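Have a look at the structure below before the remarks.
The values are calculated or read from the model by the stated rules, or taken from the named source; none is laboratory data. All values derive from a computational prediction rather than experimental measurement. Neighbour counts run over all protein chains shown; Cβ positions are idealised from the backbone, glycine included. Side chains included, ligands, DNA and RNA excluded: accessible areas come from the protein's heavy atoms. Shrake-Rupley method; radii C 1.70, N 1.55, O 1.52, S 1.80 Å.
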Amino acid sequence: TANAFYLRGARIVFADISEDTLTMDAEDVRRRLTGRTRVIVPVHYGGVGCDMDKLLDLAGSRRIAVVEDNAHGLFARYRGRNLGTLGTFGALSFHETKNLICGVGGALIINDTRYLERAEIVREKGTDRSRFFRGEIDKYTWVGAGSSYQPSDMLAAFLYAQLEAREQIMAMRRALWEGYRERLADWAAGRGVRLPFVPGHCEPSWHLFYLIMQSGEERSRFISHLKEKDIQSVFHYPPLHLSAVGRSLGGREGDCPVSERVSGRLVRLPFYNTLSEDDLDSICARIIAFP
Ligand SMILES: *Cc1c(COP(=O)(O)O)cnc(C)c1O
């Protein structure tokens, strides 16, 4: 998320997340805006929409762009609108860890037509080859900065088949997500474990299912407990402001307290398109047996 902007020399400022959805906290963003802010980059964590009304409002009144990192949220909705279509741009990922995959790949959704031609040039090694293919010019040439961003046709074909089956894939993931919630709700409430929260105006992409344990120590014991039965569970993003680069940019403990508090306690459960009901039953039985 940050690296794309870091590559172009932007000064990165990290904002904290909201305790409930674990997505960008618009109030915290407001506090960090300056006259030099150029872009706000919300991550729709787990495919649950950020507080886009507030973020778009903050950005719009200051003529700042919003680029949605929608790597998790393809086909998810926010107040009935698709995530990735709300900001100036939306970035999608088809990396092997996402809902729809082509090994490595992605897409840029361009919601402002002023940037279409520029994007074609960036994608085509800095040339106007796309215009040439449309017959708009009789030869193509180098016109700006770019690189080689087209996926191969074989990867595209592999992805296209999944796009055609998207309703089936989304339904399987939804059943899995709801299956976890139903089986674990009572246990979680009794133990002070938090399950994912989805606001009423968001329809998620069912990208992942996480638990937030009471402490980092409890999380480690929990991961080992599952591992004894060959069930893999994993933690997730450490806060970027405390990464090696984040620290070199001035990041310190305490800058984003909610992110810091949550990241050490969050654990993700097995979640893939073909996970069976039987697997779900045995995983949840093992979870409920956590001493
Ligand atoms: C996977 C992911 C990315 C990176 O996607 P690539 O396709 O590997 O570039 C960016 N942001 C988030 C939130 C992701 O989960």
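Kirkwood analysis of the Cα pair distances in the range 103-168 returns a hydrodynamic radius of 13.5 Å. Using a simple spin-label model with pseudo-atoms 7 Å out from Cα toward Cβ, L195 and M154 lie 4.3 nm apart. Thinking of the chain as a set of Cα atoms, what percent of all their pairs are more than 24 Å apart? Summing the P(r) of the chain above 24 Å gives 58 percent of all pairs.
For the chain, a crude dipole built from +1 on the beta carbon of Lys and Arg and -1 on the beta carbon of Asp and Glu, taken about the Cα centre, is about 920 debye to the nearest 20. With both labels modelled 7 Å from their Cα along Cα-to-Cβ, the D112 to R32 distance reads 2.1 nm.
Take the range 155-291 with all the other protein chains still there, run a 1.4 Å probe, and you get 54 Å² of accessible area per residue.
For the chain, the 222 nm mean residue ellipticity estimated from helices alone, with every DSSP H stretch of n ≥ 4 adding -39500 (n - 2.57) and the total spread over all residues, rounds to -11000 deg cm²/dmol. Be a star and scan the range 61-89 for residues whose amide nitrogen sits under 13 Å from the point 7 Å along the Cα-to-Cβ vector of Y237. Under cut-off, by backbone N: 68-73. DSSP assigns beta bridges within the range 15-130; of those with both partners inside it, close to 55 percent run antiparallel. When the chain is treated as a Gaussian network with alpha carbon springs shorter than 10 Å, the biggest mean-square fluctuation among G80, G105, G135 belongs to G135. When DSSP beta bridges are restricted to pairs lying wholly in the chain, around 75% turn out antiparallel.
Averaging Cα coordinates gives a centre for the range 195-267 and one for the range 1-61; these two points are 19 Å apart. Using a probe of 1.4 angstrom and keeping all protein chains present, the accessible surface of the range 1-95 works out to 49 square angstrom per residue. Each eigenvalue of the Cα gyration tensor of the range 227-272, multiplied by 5 and square-rooted, gives one semi-axis; in descending order these are 28, 11, 8 Å.
Overall dimensions of the range 166-291, expressed as equivalent-ellipsoid semi-axes from the Cα gyration tensor (√(5λ), whole Å, largest first), are 27, 19, 14. Basic side chains Lys and Arg get +1 at the Cβ, acidic Asp and Glu get -1 at the Cβ, and with that the dipole of the range 40-126 about its Cα centre reaches some 140 debye. Result for the chain in a Gaussian network model with C-alpha springs under 10 Å: among R134, R11, R166, the largest mean-square fluctuation is at R134. Expressed as a whole percent, the accessible surface of the chain that belongs to carbon and sulfur atoms is 53, based on a 1.4 Å probe. In terms of its alpha-carbon gyration tensor, the range 23-158 comes out oblate; a/c meets the 1.5 threshold, while b/c is at least as large as a/b. Considering only alpha-carbon pairs that sit under 8 angstrom and 6 or more positions apart, the relative contact order computed for the chain is 16 percent.
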